[in-house]
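The values are calculated or read from the model by the stated rules, or taken from the named source; none is laboratory data. Computed from a predicted structure; not experimentally measured. Glycine gets a Cβ as well: all are built from the backbone with ideal geometry, and neighbour counts include every protein chain shown.
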Amino acid sequence: MTQQAWSHPVAAITENERAARLDRLRQSMRERGIAVTLLGPTESLRYFTGLVWHLSERLLGAVVTEDRLTYIVPGFELSRVETLPHLPGDLLVWQEEESPSAIVAQLAGASGKLALDDALPLAFYHAFAEKIGAARLVDAGPMINALRLTKSPAEIAIIQYAMKLTLGIHGEVREMIKPGIAASEVVRFIDQQHRAAGADNGSSFCIVSSGTATALPHGADGEQILQDGDVILVDTGCRIDGYHSDLTRTYMLDPTSEFERAWSIEREGQLAVFGAATLGAACETLDAAARKTFANHGLGPDYQLPGLPHRAGHGLGLEIHEGPFIVRGNKTPLAAGMCFSNEPMIVFPGQFGVRLEDHIYMSETGANWFTEPSTGPSSV
């Protein structure tokens, strides 16, 4: 197995940590009476084994049993898989005319539950139901996601590094942005800077909006040219060892009093979320804290506009949106190791939007910022 180059000052996830994750997965399987778990070509495959693969109609995955780890690999992809980092395990090859679901069914045996990775497409579920029977299939999502929900110190260190890298690029963007510049030019610049910093494949995403387009939470289609007096929203991130950064800044080069007031309310809402983030607090209480703050300023209530049109935050790790979700109805208590965004956006329809997005991680002593929030309506 080829080892990938690593040039960052923070350590990559080790094989020992992945092996410990598998041990915890097997413990959860025992507690639930599950004999076999299939990890598909998903972020959970990377989480437990280190193997990174793309989703296609051909099944590649890993079968986890009490005492074995077996990779299910299309025959013509074997030589590629052998070059990629992954935990040691058996490599079981299937050829084009064969059914990978039948092979997994054989590994599962004649009895016992088969838990399927919840990120697998429905077509794979139907193939397994045909070979093993729907009654023996269970959703592995609750088990897998419970293990991924809290991050280890190594995971938090990587996310911290990625966040600070992206925050530094936000500062560079603030210095180069000016009226007349195209959003696509800014997007290219951010991608180049992420690549130069050693991020996995440059920017993982990038939204650059100006003017009324900032009232659209995920931006507008087509090119935008920054005009004098526009509100500017930049939302971008990268990946380091698969772990995401995700930061949004909204500012004006020469802020108006109207924008300064809106920005200050947004900042107050973000601080209210942070203040509500205490160990044991239900995730929904953080969302409620932001909405209460905005309502005190005559915004909303609930999802009404002008106001906050979406949840106040989302979890982050190997996926940019994962648990815990900071949303009404989510009674999950905050625990050490949880990582999530703090982004209670304010939208003024047809005018502008303000989103300040930083992320929080919970430690044994409470909430911590990954990055320090923005300091003013004309800065990052």
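Scan the stretch 37-67 residue by residue and report those that are in contact (Cβ under 8 Å) with a residue 60 or more places away in the chain and of a type in the set (Asp, Glu). Correct list: 43, 57.
Tell me which helices (runs of 4 or more DSSP H) are completely within the stretch 47-144 and hold 1 or more residues being among the charged types (D, E, K, R) and modelled with pLDDT under 95, or say none if there are none. Outline the logic, then answer.
On the way: elements: 78-83, 100-108, 122-132.
Per the criteria, 122-132.
Only one entry of 144, 177, 190 meets the criterion of being crowded, with 18+ Cβ neighbours inside 10 Å, in the same structural domain as residue 105 (by TED's automatic domain parsing) and in contact with a helix residue (DSSP H, G or I) (Cβ under 8 Å, 6 or more places away or on another chain), and that entry is 144. Applying the set (1) in contact (Cβ under 8 Å) with a residue 24 or more places away in the chain; (2) out of contact with any Phe, Trp or Tyr (no Cβ under 8 Å at 6 or more places or on another chain); (3) in a loop (DSSP other than H, G, I, E, B); (4) under 26 Å from residue 138 (Cβ atoms) to residue 11 leaves exactly one unmet item: (4).
Restricting 78, 91, 87 to residues that are over 20 Å from residue 132 (Cβ atoms) and touching a helix residue (DSSP H, G or I) at 6+ places or on another chain (Cβ under 6 Å) narrows the list to 87. Scanning the stretch 201-218 for residues that are buried (at least 17 other Cβ atoms within 10 Å of the Cβ) and more than 14 Å from residue 348 (Cα to Cα) turns up 202, 203, 204, 206, 207, 208, 209. When residue 168 is tested against the conditions (1) in a helix (DSSP H, G or I); (2) in contact with a strand residue (DSSP E or B) (Cβ under 9 Å, 6 or more places away or on another chain), the lone failure is (2).
Filtered by the rule that a residue be out of contact with any Gly (no Cβ under 9 Å at 6 or more places or on another chain) and either under 19 Å from residue 359 (Cα atoms) or outside the structural domain of residue 285 (by TED's automatic domain parsing) (or both), the stretch 317-334 gives 319, 328. Taking the criterion of being within 19 Å of the chain's Cα centre (by Cα) and either of a type in the set (S, T, N, Q) or at pLDDT below 95 (or both), the residues of the stretch 198-216 that qualify are 201, 203, 204. Among residues of the stretch 101-117 that are closer than 17 Å to residue 42 by Cβ, those with a beta-carbon under 7 Å from a residue that is in a loop (DSSP other than H, G, I, E, B) at least six positions away or on a different chain give the pairs 115/140; 116/140; 117/40; 117/42; 117/140. Is it true that some residue in the stretch 19-35 is outside the structural domain of residue 319 (by TED's automatic domain parsing), touching a Gly at 6+ places or on another chain (Cβ under 7 Å) and either in a helix (DSSP H, G or I) or modelled with pLDDT under 95 (or both)? Scanning the stretch 19-35, I find at least one residue that is outside the structural domain of residue 319 (by TED's automatic domain parsing), touching a Gly at 6+ places or on another chain (Cβ under 7 Å) and either in a helix (DSSP H, G or I) or modelled with pLDDT under 95 (or both), so the answer is yes. Residue count for the stretch 281-327, restricted to those that are in contact with a helix residue (DSSP H, G or I) (Cβ under 6 Å, 6 or more places away or on another chain) and touching a residue at least 60 places away in the same chain (Cβ under 8 Å): 4.
Can you tell me which residue in the stretch 327-370 is surrounded by the most Cβ atoms within 10 Å (Cβ to Cβ), limited to those that are aromatic (Phe, Trp, Tyr) and more than 21 Å from the chain's Cα centre (by Cα)? Result: 352.
Selection of strands (runs of 3 or more DSSP E) fully inside the stretch 242-335 by the criterion of at least 1 residues being modelled with pLDDT of 95 or more and basic (Lys, Arg) returns 247-251.
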